[in-house]
Amino acid sequence: MTELSSTRAHRVDRYLVEVLVGEDAALDAAVADQKVAGMPDIEVAPTGGKLLHVLARAIGARRVLEIGTLGGYSTIWLARAVGQGGHVVTIEAEPDNAQVARRSIDRAGVGEQVEIRVGRGADVLRTLVGDDPFDLVFIDADKESNTLYLDFAARLGRPGTLVVLDNVVRDGRIVDKDDHDSQIVGVRAGLAMLRDDPRFEATALQTLDAKGWDGIAIAIVVDPGAADDRTHAGG
Ligand code: DHB
Ligand code: MG
């Protein structure tokens, strides 16, 4: 087997972006404004953003919840997927970030679809209980709170809701037993919850893209009461 080379992997990523994502003025402007505002460049990679978009369209998502807006990059990808009558609720803890994101989202032409809720995830999420269920939940915020966010994803979703959890590999650090960094601990706890909590059925993929080596977990919310003989089938 060919040795994995990060140089070649990055060339491959650039190639895939060139072939399948292409140039996008509104998204480029969102990233540029995010940088000018001093936010870290930790938005999802172009292929990751488009993956969210494709997944949202595949399931016909009309109501999307995003936890962690940052500069609005992934928000724009998601908002483009929900269509005219669709709705994206995105939660951002930093008011300054939210302001930058608002401008970028409006400039991208999807302002009508996006509601930015400023506040700490836990506080805002509580206010959403009882609303219509979300079809897709994208979790991309402080990793320490992954289990709390997953719990809300299940509560604010319905059976079939798609949940995407970002940054589950972190340069492979999740398997370093001596790594007790709070974010890494939060990532492991999130993955363990996806395994143990009967409300989820999940898998994960490693990614090697413009953001380096990381990964996403992809889960569906299931009805824990419903018998499903596909569960743990095979093997
Ligand atoms: C970090 C957070 C992210 O959501 C991400 O995609 C990459 C990095 C971070 O906190 O370092
Ligand atoms: Mg992320």
Completion exercise
Hull surface over four for the Cα convex hull of the chain, reported in nm², is 14.3 nm²
Practice task
Excluding Leu65 itself, calculate the net charge of residues whose Cβ lies under 14 Å from the Cβ of Leu65, where each Lys or Arg counts +1 and each Asp or Glu counts -1.
Solution key: -3
Handout entry: Rg followed by Dmax, in Å, when region 1-73 is reduced to its Cα trace
Key = 14.7, 44
Exercise for the section: Please give the residues of region 151-179, grouped as numeric ranges, whose backbone N is less than 14 Å from a label point set 7 Å along the Cα-to-Cβ vector of Glu201. Expected result: 159-163
Handout entry: Helical segments meeting 20 Å axial Cα length and Kyte-Doolittle 0.5 threshold in the chain (DSSP H)
Key = 182-196
Handout entry: Relative contact order computed over the chain (Cα-Cα under 8 Å; 6+ residues apart), in percent
Key = 17 percent
Handout entry: lysines whose Cα lies under 25 Å from that of Lys35, excluding same-chain neighbours fewer than 8 positions away
Key = Lys50, Lys143, Lys211
Exercise for the section: Return the distance in nm (one decimal) between the two label points of a simple spin-label model at Ala29 and Val185, each offset 7 Å from Cα along Cα→Cβ. Expected result: 4.3 nm
Completion exercise
Interchain or sequence-distant (5+) residues whose placed amide H lies within less than 5 Å of the amide H of Val114 are Val88
Exercise for the section: Provide the percentage of antiparallel DSSP beta bridges, counting only those with both residues in the chain; round to the nearest 5. Expected result: 45 percent
Practice task
Just subtract the alpha-carbon distance of Arg173 and Ile59 from 0.36 nm times their residue separation and send over the number in nm, one decimal.
Solution key: 37.8 nm
Completion exercise
Within the set Ala217, Ala61, Ala192, GNM on the chain using Cα springs under 10 Å gives the largest fluctuation to Ala192
Completion exercise
Once both label points are put 7 Å beyond Cα along the C-beta direction, the Asp223-Arg155 separation in nm becomes 2.1 nm
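Quick note: the coordinates plus some simple rules give every number you see, no bench work behind them. The shown structure was predicted, so the numbers you read here are calculated from the model rather than taken from an experiment. Cβ atoms come from the backbone with ideal geometry, glycine included; neighbour counts cover every protein chain shown.
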